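Here is the structure we will look at.
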Amino acid sequence: MDREGVSWVSTMDALPGIGHACGHNLIGISGVAVALAAKAAIENLNIDGKVILLGTPAEEGGLGKVLLYEKGAHDEMDVCLMCHPGPGPRHSIDLNSSLAISHVTVEYEGHTAHAGLCPWEGQNALDAAVLAYNNVSLLRQQIKPTHRVQGVFEGKYWNPGFIPDHAIMRWLVRAPTTAEMEDTRKRIIACFELVFNIDNPLIKRRHPFFRGAAIASGCKVKVTVGSTCNEIRQNKALGDELADVVLKRYGAMDDNCDIMGASTDFGNISYVMPGLHPSFSIPTVPGGGNHTPGFTEAARSEVSHDACLVVSKALAAVGMRVLTDETFFHNVKDAFEEDKKQRG
């Protein structure tokens, strides 16, 4: 089985307003460190193989890794590796997956009117959005605790002096697998559409509350399903090798890194090629997890950089095993094919 190359990923984005609150600065230096180490090993030991360092933008909703894959950036890769920091005790490394995620945008169009003179002539788009939000809130008690649904309102030129004729809602729907996420997303979208669609037989027969909401709002709705990230499919052979490396060099792996509920476009890459995405812990203040200012501070600390280098060395060792051990490479490919069967 011919090998082409092993790639390590360095993400290159930050969060508006709070900077590296997801620790992508550490992911960036991890990819560089691993690639330099692997390159030196290949040159010094005359190893036949290729090392690829892939800089990827826009993980936070932009699907940067997916766009690069579609443009051929992964064509010379057999295996893709990266890591990600999260909150937890020092030296924790785990191989948990992530949540699949879908972005959904909802737009309500109504009709404006003077709020004092003739509000009855308006069709309140904000009311429609609020009703939809409440519908989702009621639905939450019927979805699994492993699923996540969050939404926010957006609007322009809103003023209590007139009836809002346009409202936008942006939603994220997450679940442990893509199939589960898609099922939950259907139920969430029904909450948006039931607000206005009084001809829906489901409303007429079973949900008078929704029918009342439809009559009250009288608005039109547009639902757009945006980008989707799959859950990470951790390659078992690669994961077992990482655990073995960590055990021999640093002691047993501690799986206390708390980042299970997050999502990443690396999940999409793990669907199309063998991939490994360990999480590693960095010490943070209480309440200072990912996407908080506290994590921004933690991600720039010396102890966090030390933790990053530990997992980077382990990833380098895993990558070199792929390049130097034909049997192991077969096992990695076989594990990927077996996982494809399991996920259907």
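The values are calculated or read from the model by the stated rules, or taken from the named source; none is laboratory data. All of these numbers come straight from a predicted model, not from anything done at the bench. Here the Cβ is made from the backbone with ideal geometry for all residues, glycine too, and neighbour counts use every protein chain on show.
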Kindly list, by first and then second residue, each pair from a residue in the range 31-42 that is assigned by TED's automatic domain parsing to the domain that holds SER10 to a residue that is part of a helix (DSSP H, G or I) and surrounded by fewer than 19 Cβ atoms within 10 Å (Cβ to Cβ), limited to pairs with Cβ atoms under 6 Å and residues at least 6 apart or on different chains. none
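Can we say LEU95 is in contact with a helix residue (DSSP H, G or I) (Cβ under 9 Å, 6 or more places away or on another chain) and among the hydrophobic types (A, V, I, L, M, F, W, C)? Before you say what the answer is, go through the steps one by one.
Working: in contact with a helix residue (DSSP H, G or I) (Cβ under 9 Å, 6 or more places away or on another chain): yes; among the hydrophobic types (A, V, I, L, M, F, W, C): yes.
In short, yes.
List the helices (runs of 4 or more DSSP H) inside the range 149-222, counting only whole elements, that have at least 3 residues being closer than 30 Å to GLN234 by Cβ and modelled with pLDDT of 95 or more. Lay out the reasoning, then the answer.
Working: elements: 178-193, 201-206, 208-217.
The helices (runs of 4 or more DSSP H) meeting that bar are 178-193.
With the structure loaded, tell me whether LEU138 is of a type outside the set (Ser, Thr, Tyr), over 21 Å from ILE232 (Cβ atoms) and outside any helix (DSSP H, G or I) or whether it fails that test. Spell out how you get there, then give the answer.
Details: of a type outside the set (Ser, Thr, Tyr): yes; over 21 Å from ILE232 (Cβ atoms): yes; outside any helix (DSSP H, G or I): no.
In short, no.
Which residue is surrounded by the fewest Cβ atoms within 10 Å (Cβ to Cβ), if the candidates are limited to the range 74-118 and must be acidic (Asp, Glu) and either in the same structural domain as ILE29 (by TED's automatic domain parsing) or within 30 Å of ASP244 (Cβ to Cβ) (or both)? Break it down into steps so the answer makes sense when it comes.
From the range 74-118, those acidic (Asp, Glu) are 75-76, 78, 94, 107, 109; that's our starting set.
Narrowing further to those that are either in the same structural domain as ILE29 (by TED's automatic domain parsing) or within 30 Å of ASP244 (Cβ to Cβ) (or both): 75-76, 78, 94.
Working: ASP75: 9, GLU76: 11, ASP78: 23, ASP94: 21.
Going through the qualifying residues, I end up with ASP75.
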Among the residues of the range 83-97, write down those that are closer than 10 Å to SER279 by Cα and either part of a loop (DSSP other than H, G, I, E, B) or not aliphatic (A, V, I, L, M) (or both). CYS83, HIS84, PRO85, GLY86, PRO87, SER92, ASP94, LEU95, ASN96, SER97
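Identify, please: which residue in the range 57-82 is more than 26 Å from ASP334 (Cβ to Cβ), hydrophobic (A, V, I, L, M, F, W, C) and touching a strand residue (DSSP E or B) at 6+ places or on another chain (Cβ under 7 Å) and is, among those, modelled with the lowest pLDDT? Steps first, answer last, please.
So in the range 57-82, the residues more than 26 Å from ASP334 (Cβ to Cβ) come out as 57-64, 67-68, 70-71.
Next cut, hydrophobic (A, V, I, L, M, F, W, C) only: 58, 63, 67-68.
Those still in the list that are touching a strand residue (DSSP E or B) at 6+ places or on another chain (Cβ under 7 Å) too: 63, 68.
Values: LEU63: 84, LEU68: 90.
Checked the range 57-82; the qualifying residue modelled with the lowest pLDDT is LEU63.
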Residue ID - surrounded by the most Cβ atoms within 10 Å (Cβ to Cβ), chosen from residues in the range 18-57 that are of a type outside the set (A, V, I, L, M) and part of a helix (DSSP H, G or I): SER30
Restricting attention to the range 223-262, and to residues there that are in a helix (DSSP H, G or I) and charged (D, E, K, R), which single residue is modelled with the lowest pLDDT? ARG249
Quick one: which helices (runs of 4 or more DSSP H) sit completely within the range 281-344 and have at least 1 residues that are within 22 Å of ASP240 (Cβ to Cβ) and in contact (Cβ under 8 Å) with a residue 12 or more places away in the chain? 302-324, 326-343
For the range 107-133, enumerate the residues that are free of Cβ contacts under 8 Å to residues at least 60 places away in the same chain and either under 30 Å from ASP339 (Cβ atoms) or part of a loop (DSSP other than H, G, I, E, B) (or both). THR112, ALA113, ALA115, GLY116, LEU117, CYS118, GLY122
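Does GLU182 qualify as being more than 18 Å from the chain's Cα centre (by Cα), surrounded by fewer than 20 Cβ atoms within 10 Å (Cβ to Cβ) and among the acidic types (Asp, Glu)? Step through it out loud before you land on a result.
Values: more than 18 Å from the chain's Cα centre (by Cα): no; surrounded by fewer than 20 Cβ atoms within 10 Å (Cβ to Cβ): yes; among the acidic types (Asp, Glu): yes.
The answer is no for GLU182.
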Please list, ordered by first then second residue, the pairs with beta carbon atoms under 9 Å, 6 or more apart or interchain, first in the range 139-168 and farther than 30 Å from LEU117 by Cβ and not assigned by TED's automatic domain parsing to the domain that holds THR224, second β-branched (Val, Ile, Thr) and surrounded by 10 or more Cβ atoms within 10 Å (Cβ to Cβ). none
Take VAL104 and decide whether it is out of contact with any strand residue (DSSP E or B) (no Cβ under 6 Å at 6 or more places or on another chain) and outside any loop (DSSP other than H, G, I, E, B). no
Mind counting the residues in the range 150-178 that are within 15 Å of the chain's Cα centre (by Cα) and more than 15 Å from ALA129 (Cβ to Cβ)? 7
